[in-house]
Each structure stands twice: as structure tokens, then as C-alpha cells.
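Accompanying notes for the structure given below.
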Amino acid sequence: MKQRCRRINMHRPEQLKDLSVFASLAVLLVACSSATCSADDAASAAERGYRTLRTKAFLPNDFDDSVFKDLWKQWPEPDRSKAETATEKSRLRMIRDRYGLHQGPEDDSRLLGWVPTENGGHAMNCFACHGGAVDEKVIPGLANTELDLAALVRDVRATKLAKLKPLSHLDLAQLNLPLGGSRGTTNAVIFGVILDGIRNPDMSVDTSRDTRPHVHHFLDAPAWWNLKKKSRLYYDGFAPKNHRMLVQFTLIPKNDRETIYSWEDDFRDILAYIESIEPPKFPYEIDRKLAGRGQVVFENNCAECHGTYGDDWTYQERVVPIDDLGTDRVRFDAMTTDHRAHLSKSWMSRYGKDEVIPDPAGYIAPPLDGIWASAPYLHNGSVPTLWHLLHPEERPKVWRRKSTKFNREQVGFKIESFDSIPAEDRRTDEKREYVDTTKFGYSADGHDYPSRLSENEKVAVLEYLKTL
């Protein structure tokens, strides 16, 4: 690490040739207070970051044990009767499965996405959306594609009212703010617009600020392990990558300026943890000869935007203009120049020292490490498998998952396809099991670059993507 670290501009690919060096240095510089700190220091910062996420509550309790255990009483028949006659252990499993909640990989008695607090309480943490599973194996840092936060909060609120318990911030927020659309998606952009918007630059609370417009739409959470390769945050890359930006989703009014400042070291460690995560390896058989042919096709057609892989990897962090990309632009248009510019004046961007881009050109082509595990695809989760991503003309109009089992052949979800959501499943809960690409913000159009490939080339590329 004798090379000098320099400022990297995402719009100048020639500066990104040494990004692997930058990524390694970034982990160390975030985790340590001097340039001479060791890799052990970075590792301990990452360990502290994970432990902090799992044990420290940055938000109020969402529910307690008594509420959680009685959620089944809000279910429609026949599910309510099935839960009532089940053993307690089976009933708790039914509750977790219904709302897409996972248990921690090192402690299966605790929820991964909620921190236990005093008196049996549970407070949400980042793993609620960023702690998923593939073939029922929990992977921290993977998007939780099974989470149905909207149904969970609604049933928590109803259960609390039945028990005459006080409501929490999410219970009340949901009355005016949609929390999610189809299962596994989140309204994170508008959460951020509101939470950032009610803060003055010094992080003092100002709830009189008008944060509108609020263009509600729903996204698929990105995999955390790709953050180490990036210098910018979010799909359009408008925000700088720094530890202060990670505080954004804790900015409810109850957490005042002094509280936010006191957490800065915690979020330094959390960023170190996120940047320590490695993508999971494909656990099934790979045709290495076919994958080798796919690598050649990929590097000739896809690497210009998505980079190359292996020990000498490259990644350009390229912004693809929205009109060229052709994917759903609701996410791109939902944030105004004023929304983005407000961040450039704040403590989170070090008062603009960390560059904020108020008018990005499009979406960033992401690195594809661990892409095999990251279904569904595109930023809005509208494409269920890599096969469908490579075959734009075959993307289903409406689909839902058949099971949580992994689709080894098409790489992604096992699905059923429909022309429209069946009439009998248009009640609120059943409707969220479907992805309807005709709806606002859910278009599966665009990223049709694979259409230039032959079918044999697509087969080979699909096999190669399993190796990343």
C-alpha cells in the first residue's frame, strides 16, 4: 500500500484503475485514526460494526414479545385457526414466515432485523431490509426479499390497540406513508427525503420544513458487499459514501442532534463492517468450460459498464444516462434537485466537502459480485431471474414466487407468471405477493443490451455470472 491515495471522480474512468487499492485503503482509513493502523484494526472495527448492529438500538421499539406472539390473531381464516392450534414453536415460525423475518445466523433465537431491548422489546435495525436468505440460508448483507413490512406494521398496530398498548413511530407513520409495495420492496427513497428534510444542516430538528414532493415508489434493496467497490451511494450515485450518510434512517425527531453526533463512531464501525462483507460463492455445480466461454462474451460486451472480475478486477462506477438505459425512471425522478442539494449543505456530507451531485445523469451500473444470489433484478426488483434479465422479451408481465427455493436453472426465483393479478388475490395481503410490471414504478423494460447476444452466448454468460 505504498501508492498515494488520490481523489477518485466517478465521471473520469481513467482515475478508477487503482480502485482496488482505494477500496482497501478506504476500509482502513474509516476504521482507524491514523495512516499507520493495521489490518487487525480494520478487522476489529468491522467486528464492532456487526456487533453494534445486532445489539444497539438506534430506533424506538416496534413491538414487544407479547405483541409479536399474538400477531396471528389478526390473520384471516384459515390461517388464524391453523396458528391457534399449532405448537408455540410452530406458531412463531409461522409468524416469521408470514412477514419474511429471519433469525440471526449465529443465534437462531433472535431476529436478525430487530435488536432486543429491555422488557422484551424489539427495535428495527438495518438487517430488516439488508438481511436476506437464499435457499433458506441467511446471508447478512443480502436484500431481504421476503420482508412484508407493510403487513407487519399494520398487524402490530392492530395487536397493540387490542392490548391497549401505546403505538410506535412506524405504527403512526404508516397511516400517511406507504412502507412497501410488493413483498421485499421498500419506500426507502421517500423515507430518506423526509428524514433528511426535517433536519437543519447541523442536524437539529425542524419539522416545519416542507419536504414535498413525495413520489412514493418501491425499490429492491442492493446487496451490501458491493459497497466496497463504490465511492458513491444509491442507485443514481448522487450521495457520497461516508459513515455519516448511514445515519440517515435513524433521523426520526426523537433522536436529537446531540444523539446523532454521539453515534458517529458507531457508524464508522458499521461502514467498516459493510465494507468487510464478501459475496457468497455459488453453492451448486458450475460448468467451468461453459463459464470460461461466457467470460469472454461478458468481457467483450458487459465489462465496459459492470467491470471485470478476479484478482485484477476493474470497476468504472459508470453512470448510464437514464434515456440510454431505458429502465423505469420513477426512482430517478422521485428526488428533486432541491432534495439532493439539501444534503450538500448538511453535516452528513461534511457540509459539502464530500461531493453531492444534485442532478445525476442516470443510474450507476453496479458491480456484479454475488449477482447469482441477488434476485430479483433491476433497481425495482421487477425481473425475477438472470435468465429473464438476459431475455428482455421474455420478462413476465405479472409474477409471484412459487417458493423460497432457489431456481438453479434460470438463477433467481422460482415463479409463476400471469397476465394480471387474479381477482381472488386482489385483497391487500395477497396482492403484495405479486410483482405487476404494469404498475407505477415497477416497469421491467430497459437494460435490453443482452438482445445483441446470440442464444448460445446468453447461455454461456449466465453460467459465467454464477462464478462472480
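Considering only protein heavy atoms and a probe of 1.4 Å, how much of the accessible area of region 74-196 is carbon and sulfur, as a whole percent? Spell out each step's value before the answer.
On the way: 2820 of 5240 Å².
So the carbon and sulfur contribution to the accessible surface is 54 percent.
Which of K137/K431; K137/K241; K281/K414; K137/K414; K228/K405; K228/K289 have a Cα-Cα distance over 23 Å?
Working: K137/K431 26 Å; K137/K241 29 Å; K281/K414 20 Å; K137/K414 16 Å; K228/K405 29 Å; K228/K289 30 Å.
Among K137/K431; K137/K241; K281/K414; K137/K414; K228/K405; K228/K289, the Cα-Cα distance tops 23 Å for K137/K431; K137/K241; K228/K405; K228/K289.
How long is the chain along each principal axis, judged by its Cα atoms, biggest number first, in Å?
For the chain, the Cα extents along the three principal axes come out at 61, 52, 42 Å.
Please identify every one of the GluC sites (Glu not before Pro) in region 88-185 that sits in a loop by DSSP and has no more than 10 other beta carbons within 10 Å of its own beta carbon. Intermediate values should be presented prior to the final figure.
Working: sites: E88, E106, E118, E136, E146; in loops: E106, E136, E146.
Qualifying residues, ordered by number: E136.
L147's amide H: which non-local residues (gap 5+, or another chain) put their own amide H closer than 5 Å, with H modeled 1.01 Å from N in plane and none for Pro or chain starts?
G184
Counting helices only, and only those DSSP H runs with n ≥ 4, report the 222 nm mean residue ellipticity of the chain as the sum of -39,500 (n - 2.57) divided by its residues, in deg cm²/dmol to the nearest 500.
Numbers: 19 runs with 162 residues, N = 468.
That comes out to -9500 deg cm²/dmol.
Name the residues whose placed amide hydrogens come within less than 5 Å of the amide hydrogen of R199, ignoring near sequence neighbours (fewer than 5 apart) on the same chain.
The answer is D206.
When the accessible area of region 335-399 is computed with all protein chains present and a 1.4 Å probe, what percentage of it is carbon and sulfur?
In region 335-399, the share of accessible area belonging to carbon and sulfur is 51 percent.
Using a probe radius of 1.4 Å on heavy atoms only, what accessible surface per residue do you get for region 79-149? Whole Å² is fine.
Details: 3190 Å² over 71 residues.
Dividing the accessible area of region 79-149 by its residue count gives 45 Å².
How fast does region 49-186 diffuse by Stokes-Einstein, in µm²/s, taking the Kirkwood radius from C-alpha pairs at 4 °C and 1.567 mPa s?
Numbers: Rh = 15.3 Å.
D = 85 µm²/s.
Going by amide H atoms built from the backbone, whose H comes under 5 Å of the H on Y377, apart from near neighbours?
Amide H to amide H, under 5 Å and 5 or more residues apart or across chains, Y377 pairs with S382, V383, T385.
Output the peptides 439-450, 257-268 sorted from most to least packed, where packing is the average of other Cβ atoms within 10 Å over each peptide's residues.
Working: 439-450: 18.2, 257-268: 15.6.
Per-residue mean Cβ counts within 10 Å order the peptides as 439-450, 257-268.
Starting from region 338-389, pick out the chymotrypsin sites (Phe, Trp or Tyr not before Pro) whose DSSP state is loop and whose Cβ has at most 12 other Cβ atoms within 10 Å. Intermediate results must be reported in sequence, preceding the final value.
Numbers: sites: W347, Y351, Y363, W372, Y377, W387; in loops: Y351.
For chymotrypsin sites (Phe, Trp or Tyr not before Pro) across region 338-389 that sit outside H, G, I, E and B with at most 12 neighbouring Cβ atoms in 10 Å, the list reads Y351.
Mean separation of Cα pairs under 8 Å and 6+ residues apart, divided by the residue count of the chain: what relative contact order is that in percent?
Working: 836 pairs, mean separation 78.1, N = 468.
Value for the chain: 17 percent.
Going Cα to Cα from K163, which lysines come in below 20 Å? Please leave out same-chain ones fewer than 8 positions away.
The reachable lysines, counting only those whose Cα sits under 20 Å from K163, are K69, K73.
From the phi of every residue in region 413-430, what ³J(HN,Hα) in whole Hz does the Karplus formula 6.51 cos²θ - 1.76 cosθ + 1.60 yield, where θ is phi - 60° and glycine or proline is x?
Karplus values, whole Hz, x for Gly and Pro: 8, 7, 10, 10, 10, 9, 7, 7, 5, x, 4, 6, 10, 8, 5, 3, 5, 5.
The values are calculated or read from the model by the stated rules, or taken from the named source; none is laboratory data. Computed from a predicted structure; not experimentally measured. With ideal geometry, Cβ positions are generated from the backbone for all residues, glycine too; neighbour counts draw on all protein chains shown. Calculation scope for accessible area: heavy atoms of the full protein, side chains included, ligands and nucleic acids excluded. Shrake-Rupley method; radii C 1.70, N 1.55, O 1.52, S 1.80 Å.
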